[in-house]
Amino acid sequence: MAHYSKAEYWEDRYQREPDPFDWYQKYPALSEYLRQNVKTSDKILNVGCGNSLLTEEMYKDGFTEQVNIDISQTVVKQMQERCKENCPNASFLTMDARKMTFDTGSFDVVLDKATLDSFMCGDSSLENVEAVLGEIYRVLTPTGTYLCVSYGQPQNRESYFKSSSWHWKLSWEKVPKPTISAGLGGLKDESQDQKNFHYIYILKKQSAEPAKKESDSAA
């Protein structure tokens, strides 16, 4: 099994494979959902950016306030060089998503395409996932949004998002996997199979205070 949660794995991979690669979905398949949940004025954090084209394609679409982090110093240097002319306002930092150094409430939106999934691989997966989600919750503004693109089906992911310390409003969308989308051909059985989709989990931070009852308001 590939050690996707290990920095050493990614250092080796990006040294061997520097060409752009997009996990799961490319930007055109995600753009509709991003536009519905992200404003061009939002300050966006992309966790585990890798060497995806997502930063550049979002930048062209007007999402210019981007900070990108990755655990691999190699890929961060590659992206800094690749994007310095086309995305001058975007920054790239070497950082572990489990231990981010940003101030609390720094970002309106956090994007995650396959990063949470990668931390589910290998040793201490539950510990790693809780650390990543806790940090994402912390760096978001009080009304911030976390968009997580995952191969995990809702029955296998929703439980991870639930914690007494986090207050999210959770919804999700599904997007056909690229190979399935190209070859569905109207086959209803395949189009309904959950394994043929990637999932976009949309988590919006909510107030921790319980809603007031009408009787309380009238008092």
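The values are calculated or read from the model by the stated rules, or taken from the named source; none is laboratory data. This is a predicted model, so every value here is computed, not measured. Heads up, the Cβs are rebuilt from the backbone with ideal geometry, glycines too, and the neighbour counts pull from every protein chain shown. SASA here: full protein model, heavy atoms, side chains in, ligands and nucleic acids out. Shrake-Rupley method; radii C 1.70, N 1.55, O 1.52, S 1.80 Å.
General remarks:
- Segments 68-75, 80-87, 148-155 sorted - mean Cβ within 10 Å per residue, highest first: 68-75, 148-155, 80-87
- Inverse mean reciprocal Cα-Cα distance (Kirkwood Rh) of the stretch 1-100, Å: 14.0
- Lys, Arg +1 and Asp, Glu -1 on Cβ, resulting dipole of the chain about Cα centre, debye, nearest 20: 360
- Lys-Lys pairs in the stretch 58-199 that are eight or more residues apart or on separate chains and whose Cα atoms lie under 17 Å of each other come to 7.
- The share of alpha-carbon pairs in the chain lying farther apart than 26 Å comes to 38%.
- Each other residue within a Cβ distance under 13 Å of TYR27 adds +1 if Lys or Arg and -1 if Asp or Glu, for a net charge of -1.
- Protein-only accessible surface at a 1.4 angstrom probe places the residues TRP23, TRP168 in the order TRP23, TRP168, largest first.
- Accessible solvent surface per residue of the stretch 132-172, calculated while the other protein chains remain in place, 1.4 angstrom probe, Å²: 46
- Beta bridge orientation in the chain: antiparallel %, DSSP, nearest 5: 45
- Cysteines in the chain lacking a second Cys C-beta under 4.7 Å: CYS49, CYS121, CYS148
- Selected from SER41, TYR24, ALA7, residue furthest toward positive end of dipole (the stretch 1-58; charges at beta carbon): SER41
- Remark on the stretch 75-181: Rg and Dmax equal 15.3, 44 Å (Cα only).
- Around SER150: net Lys/Arg minus Asp/Glu count, Cβ-Cβ under 14 Å: +1
- With every protein chain in place, the chain: carbon and sulfur % of accessible area (1.4 Å): 48
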